[in-house]
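A short reminder: the numbers here are calculations on the coordinates, not readings from a lab. Here the structure is a predicted model, which means the values were calculated and not measured. All Cβ positions, glycine included, derive from the backbone under ideal geometry; neighbour counts span all protein chains shown.
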Amino acid sequence: LEDVNNYIRQIDVIADRYLGRNYFISYYEAKGFISELQEIIDEDICSMIDNGNYLSAFEIINYIFVLIGDVDMDDSDGGTGMLADRIYQLWVELLSKVSPEDKDKMFNWFTAHLDGSVIDYLEEYIEQIIMEEFEEKEFAQAKLEFVESMIERSEKKESDWSRSYAVGKWAIRYLEMLKVKKASKEQIEEICKRYWNNSSVRRYYIEMYMKKKDYNR
């Protein structure tokens, strides 16, 4: 734990140095900032993983992940995306190595951080890892419940456009998961009807019956 706190302090020092008095990292400074964080990942975090300190490594890369979304920076160079891609690779690597208990802790961290605490364009990385990893059957129910909660949260969004987009995205994911679970036709119909006023769901429903050649339907 001491180790983790030391790294977090070190990362804060780097961020403070680049942010300066204006609390802004200019285009010219951004590259150096991203490089220093990249160095911590490539040297320290990777050796932590090699030594089996998986949860400490996870905690530190998560701290960096949240930080790069939070700082005010001219990211025209795309450094944030490159660093986020690297962190994503490490998440996948860690998931392949950790114990089931630790995997559970990682799942809880990911699902807890789609609450607006991570900037929106970085949320996609978290969504992707939840949906594409955690394939074990002990996560099946938790993933379904998580997606249900995301639909509910999406329905509360203020803007019509973002509400419609988010409800559609999560409802389709829910339907896809039901299909994998071999849910009954009635269950799938029921979900489609529940979100019928969403254009993505209607499109999904139409395509489903087109594939079955049920054109009248």
### Query
Any idea how far apart Glu93 and Arg17 come out in nm if each label point goes 7 Å out from Cα toward Cβ?
2.4 nm
### Query
How would you rank 52-62, 18-28, highest first, on the average number of other Cβ atoms within 10 Å across their residues?
52-62, 18-28
#### Entry: Gyration tensor (alpha-carbon) shape descriptor, segment 1-64, a/c threshold 1.5
prolate
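So how many Å³ per residue does the convex hull of the Cα atoms of the chain work out to?
Details: hull volume 31.7 nm³, N = 217.
In the chain, the Cα convex hull volume per residue is 146 Å³.
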### Query
Comparing Ile41, Ile130, Ile206, which has the greatest mean-square fluctuation in the GNM of the chain with Cα pairs linked when under 10 Å apart?
Ile206
#### Entry: Where labels lie 7 Å past Cα in the beta-carbon direction, separation of Glu136 and Met210 in nm
4.0 nm
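Considering only lysines 8 or more places apart in sequence, or on different chains, count the pairs in segment 1-140 whose C-alpha atoms sit under 22 Å apart.
Working: Lys97/Lys105; Lys97/Lys137; Lys103/Lys137; Lys105/Lys137.
Count of close lysine pairs: 4.
Given a cut-off of under 8 Å on Cα pairs at least six residues apart, what relative contact order in percent is computed for the chain? Don't skip to the answer; put the middle values down first.
Working: 140 pairs, mean separation 29.5, N = 217.
Value for the chain: 14 percent.
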## Note on the structure
Simple SL model, points at 7 angstrom along Cα→Cβ for Glu158 and Ile119; separation in nm is 2.0 nm
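Full-extension gain between Arg202 and Leu67, please, as 0.36 nm times their residue separation minus the C-alpha to C-alpha distance.
Details: separation 135, 0.36 × 135 = 48.60 nm, distance 3.84 nm.
Here the segment from Arg202 to Leu67 would lengthen by 44.8 nm.
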#### Entry: GluC sites (Glu not before Pro) restricted to DSSP loop in segment 137-217 with at most 12 other C-beta within 10 Å
Glu158
## Note on the structure
Residue-ordered couplings for segment 7-17, obtained by feeding phi - 60° into the Karplus form 6.51 cos²θ - 1.76 cosθ + 1.60 and rounding to whole Hz (Gly and Pro as x), are 5, 5, 4, 4, 5, 4, 4, 4, 4, 4, 4
